[in-house]
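One structure below.
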Amino acid sequence: MSFGQDDALIVLDLQRDFCAGGALAIAGADKIAPKINQLIDEATAAGAMVVASRDWHPKGHVSFAARGGPWPEHCVAGSEGAKFHAQLCLPDNALIVTKGADLDKDQYSVFDETGLVEQLHGRGTRRVFLCGLALDVCVRASALQAVQAGFETHVMLSATRPITQAGGEATIREMTNAGIVVEHGDPDDTTAGCA
Ligand SMILES: [Zn+2]
């Protein structure tokens, strides 16, 4: 697999609340940061677009348990937990997409009324490569919507983690059935730090 100018690498929600010590920590989340940095380096060198999404909720968001939602309070806008993982090395020209910022609406997919589909189509993007968190929630929703939007869609399995093992396995089957290319890669093929 190698990137080209018509590709976009999309890093989903690699934020502190989803990593060790965070409000909604996902097992193994910290381990994918070096792998994602490696993908970013490869994408940047090839002239591909780099996109990073962030969950960015107001206090009292509809997805929080206090309002009957499925999740504990997490990624409150401007909080420490909403910051990107400390090791994530984004290029200066990365496009940051904010989602979940409306009090009464959640957005699992980075393409859900964010304008990203139109931006990528406008740029002539043909293929999208997804990584980040979590495989069975936001990566899943984004990948399924990417296919619907007409992109050749790849998911980098060694650079994502599910909230539950069973959820991850079901997601891989669902994505494969939807025509998404699941790239297995080498989970130990990592480098540390920023280039
Ligand atoms: Zn959220």
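Data table
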item: q = 0.08, 0.12, 0.14, 0.18 Å⁻¹, the chain: log10 I(q)/I(0) [Debye, one scatterer per Cα]; result: -0.23, -0.53, -0.73, -1.28
item: Counted charge near I163, where neighbours are those whose Cβ lies closer than 14 Å (Asp, Glu -1; Lys, Arg +1); result: -3
item: Carbon plus sulfur fraction of accessible area for the chain, probe 1.4 Å, in percent; result: 50
item: Between segment 92-140 and segment 55-70, the alpha-carbon center distance in angstrom; result: 19
item: Accessible area per residue, Å², the chain with all protein chains present, probe 1.4 Å; result: 44
item: Percentage of interatomic Cα-Cα distances in segment 95-155 larger than 18 Å; result: 30
item: Filter on K35/K83; K59/K83; K35/K59 - keep pairs with C-alpha separation over 24 Å; result: K35/K59
item: Packing-based order for 7-15, 70-78, using average beta carbon neighbours within 10 Å, highest first; result: 7-15, 70-78
item: Residues with amide H under 5 Å from that of L133, placed H, sequence gap 5 or more; result: L12, D13, L14
item: Positive minus negative residues near V110 (Lys, Arg vs Asp, Glu; Cβ under 11 Å); result: -2
item: Degrees, to the nearest 10: 32-45 long Cα axis against longest axis of the chain; result: 40
item: Mean residue ellipticity (222 nm) of the chain, computed from DSSP H runs ≥ 4 via -39,500 (n - 2.57), nearest 500; result: -6500 deg cm²/dmol
item: Order by protection proxy (mean Cβ within 10 Å, highest first), peptides 167-173, 84-90; result: 84-90, 167-173
item: For segment 4-112, radius of gyration divided by Kirkwood radius, i.e. Rg to Rh on alpha-carbons; result: 1.00
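The values are calculated or read from the model by the stated rules, or taken from the named source; none is laboratory data. Every value quoted in this text rests on a predicted model; they were computed, and no experiment measured them. Using ideal geometry, Cβ is built from the backbone for each residue, glycine included, and neighbour counts are taken over all protein chains shown. The area values use the complete protein model at the heavy-atom level, side chains included, leaving out ligands, DNA and RNA. Shrake-Rupley method; radii C 1.70, N 1.55, O 1.52, S 1.80 Å.
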